[in-house]
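The values are calculated or read from the model by the stated rules, or taken from the named source; none is laboratory data. These numbers were taken from a predicted model, which means no experiment stands behind them. As a convention, Cβ positions derive from the backbone with ideal geometry for all residues, glycine included, and neighbour counts pool all protein chains shown.
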Amino acid sequence: MAFTEYGQYDGLGLAALAAKGEVSPAELVEAAIERIERHNGKLNAVVYKAYDEARATAVSDLPDGAFRGVPFLIKDLGLTVAGWPRTSGSRFTRDVVDAADSGLVERYRQSGVILVGKTNTPEYGITGTTESAQLGPCRNPWNPDHIAGGSSGGSASAVAAGITPLAHASDGLGSIRIPAACCGLVGLKVTRERNPEAPVDGYEDIYGLAVSHVVSRTVRDSAAMLDATGAPQAASPFPAPPKHGPYLDEVARSPARLRIAWSSETPAGRPIDPEVEAALHATAELLAGLGHAVVERGLGIDYRALYRAMRAPGGANFAAGMTRRIEEIGHEPQPDELEPLTWASLKSGRRATGEEVMAGLHEMRRLSRQILTLFETFDVFLTPVMGTPPPPIGYVDPVRLEPREVNRRQGEVFPYTPPFNVSGQPSMSLPLAWSKSGLPIGMMFSARYADEATLFRLAGQLEKEAPWSDRRPAIWN
């Protein structure tokens with residue numbers, strides 16, 4: 001297969017070619033490696049290269065999964081891969097090497113993918129941009145002067161550049177949807193526990209807010225991978241409700257007439273960028289033209305109360321996770337081993353009292369009920385993913401800026417995604433618009449708890465009506 005053909009296919013397409021013998025898994029791995037070597041110097045998307053292991057895996061007896069032979073990347077945060085480093089984007093944990101695969105990595109392997117490396121992430125995934133002192137900034141293939149989003153920025157940058165057709169990503173407060181929006185990809189935050197991570201040490205961080213899935217160029221790749229990995233785990237304390245059938249089948253089904261609410265309201269009440277606002281209105285008009293019942297209305301929740309409630313549990317959770325890391329490393333972090341925002345998060349978390357943490361969790365549950373109740377009156381809630389197009393590298397810089405300013409700018413750029421981590425609902429970014437300067441603008445669709453099926457049906461419809469897969473950054477060639 002000529003190298004130029006590699007980027008013409010999504011993951012399922014490459015697997016189909018391999019199944020027919022038109023290309024070998026080894027050739028697919030070499031194509032991915034060639035693109036890493038060609039693009040990574042500009043993008044800094046791939047931060048660990050496992051070429052020898054990938055080549056050996058490609059000629060082994062691969063599992064007969066939906067993605068047999070397809071190159072795949074793992075985010076350098078959270079999931080463990082046997083024998084691979086896991087820096088979590090931090091100088092403090094830069095020397096950690098994991099002994100075993102986490103359960104979700106095992107499921108990825110069973111899908112047939114071949115792991116070729118790890119992708120860039122900000123320090124401990126704290127920010128919506130992938131810029132760290134340890135790994136350096138990850139850049140957007142559509143314009144390398146702009147962010148790729150975070151914390152799954154490396155995965156999104158790699159997929160948007162055609163290095164792999166899909167890649168692992170995780171989302172604690174928007175970290176799948178934000179980079180998908182920045183890089184013109186499909187990014188689904190799945191229902192809580194839909195994709196059990198099954199960590200080796202048994203600890204699941206962020207008390208249910210964080211989930212893992214993928215970023216991809218096509219809706220069907222996202223659906224097929226969730227079919228491969230999204231089975232219940234016996235030991236899961238809060239398993240997601242079962243699905244009704246394969247998600248891949250849902251992509252081709254009509255969503256019928258949906259009740260869709262949409263809004264540009266932000267927690268701070270600030271107006272969003274005019275180009276993003278225009279893209280939102282155009283999306284609402286598109287949906288109405290497709291026959292859906294579309295109405296402008298917000299969630300009407302107290303966003304400030306929600307973010308206040310998250311402060312103590314979030315900080316204490318981070319501090320508890322750092323305690324385990326400190327035990328693993330054998331010493332407290334030195335002044336130059338953590339970034340300013342990370343230091344601030346650690347100190348704040350250590351100050352939180354048990355009463356403050358529990359009060360915050362109680363309030364989060366109360367507000368979750370409010371959000372979930374709203375979905376009794378509509379099927380899907382539409383907002384932008386971000387308040388602005390992807391800003392320049394350095395605008396939300398956790399290394400250089402004072403922590404309070406970082407968080408102020410994050411509130412401006414990333415105002416929409418956290419509520420659905422709190423409520424646990426599925427929420428998907430779709431690349432339905434581009435700015436005048438050529439940067440992607442993602443639209444976010446959120447559905448009822450455990451109702452990924454509706455999102456896949458709607459996304460499949462929109463992919464046909466407003467296709468994006470032929471739009472590719474100049475760096476692609």
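Candidates in region 121-175 are the residues that are crowded, with 24+ Cβ neighbours inside 10 Å, more than 15 Å from the chain's Cα centre (by Cα) and acidic (Asp, Glu); of these, the one that is farthest from Ala31 (Cα to Cα) is Glu123.
Looking at Val200, Val214, just one residue is at pLDDT 95 or above and either surrounded by fewer than 21 Cβ atoms within 10 Å (Cβ to Cβ) or of a type outside the set (Lys, Arg) (or both), and that residue is Val214.
On the basis of being within 16 Å of Glu197 (Cβ to Cβ), at pLDDT 95 or above and buried (at least 24 other Cβ atoms within 10 Å of the Cβ), does Val113 make the cut? Considered against the rule, which asks whether it is within 16 Å of Glu197 (Cβ to Cβ), at pLDDT 95 or above and buried (at least 24 other Cβ atoms within 10 Å of the Cβ), Val113 comes out as no. Just one of (1) under 25 Å from the mean Cα position of the chain (by Cα); (2) at pLDDT 95 or above fails for Ala268. It is (2). Annotation: of all residues in region 41-76 being part of a helix (DSSP H, G or I) and free of Cβ contacts under 8 Å to residues at least 12 places away in the same chain, the one that is farthest from Pro141 (Cα to Cα) is Ala56.
With the condition kept exactly as written, say whether any residue in region 310-326 is more than 25 Å from the chain's Cα centre (by Cα) and farther than 28 Å from Thr454 by Cβ. Yes, region 310-326 has at least one match.
Close contacts from region 351-369, counting a first residue that is on the phi < 0 side of the Ramachandran plot and a second that is surrounded by 12 or more Cβ atoms within 10 Å (Cβ to Cβ) and among the charged types (D, E, K, R), with Cβ to Cβ under 9 Å and a gap of 6+ residues or different chains, come to Ala352/Arg311; Glu356/Arg311; Gly360/Arg308; Gly360/Arg311; Glu363/Arg308; Leu367/Asp302. The criterion of being small (Gly, Ala, Ser) and either touching a helix residue (DSSP H, G or I) at 6+ places or on another chain (Cβ under 8 Å) or loosely packed, with under 14 Cβ neighbours inside 10 Å (or both) does not hold for Ala240. When you scan region 426-436, do you find a residue that is more than 26 Å from Pro274 (Cβ to Cβ) and in contact with a Phe, Trp or Tyr (Cβ under 6 Å, 6 or more places away or on another chain), even just one? Scanning region 426-436 turns up no residue that is more than 26 Å from Pro274 (Cβ to Cβ) and in contact with a Phe, Trp or Tyr (Cβ under 6 Å, 6 or more places away or on another chain). In this structure, Gly394 qualifies as more than 21 Å from Gly187 (Cβ to Cβ) and within 24 Å of the chain's Cα centre (by Cα). Of the residues contained in region 433-447, none is found to be within 30 Å of Glu339 (Cα to Cα), touching a residue at least 12 places away in the same chain (Cβ under 8 Å), crowded, with 24+ Cβ neighbours inside 10 Å and of a type in the set (S, T, N, Q). Within region 88-107, residues that are closer than 18 Å to Leu62 by Cα have Cβ atoms under 9 Å from residues that are among the aromatic types (Phe, Trp, Tyr) and buried (at least 24 other Cβ atoms within 10 Å of the Cβ) in these pairs: Asp101/Tyr108, counting only partners at least 6 apart in sequence or on another chain.
Across region 304-329, the number of residues qualifying as under 23 Å from Leu372 (Cα atoms) and surrounded by fewer than 21 Cβ atoms within 10 Å (Cβ to Cβ) comes to 5. Taking the criterion of being touching a Cys at 6+ places or on another chain (Cβ under 9 Å) and not in a loop (DSSP other than H, G, I, E, B), the only residue of region 116-133 that qualifies is Thr119. Here the condition is being farther than 28 Å from Thr127 by Cα, buried (at least 18 other Cβ atoms within 10 Å of the Cβ) and among the hydrophobic types (A, V, I, L, M, F, W, C); of Ala284, Ala235, it holds for Ala284 alone.
Restricting attention to region 243-271, the residues that are in a loop (DSSP other than H, G, I, E, B) and crowded, with 21+ Cβ neighbours inside 10 Å add up to 1.
Hey, any hits in region 223-232 for a residue that's modelled with pLDDT of 95 or more, within 13 Å of the chain's Cα centre (by Cα) and crowded, with 19+ Cβ neighbours inside 10 Å? No, region 223-232 has no match at all.
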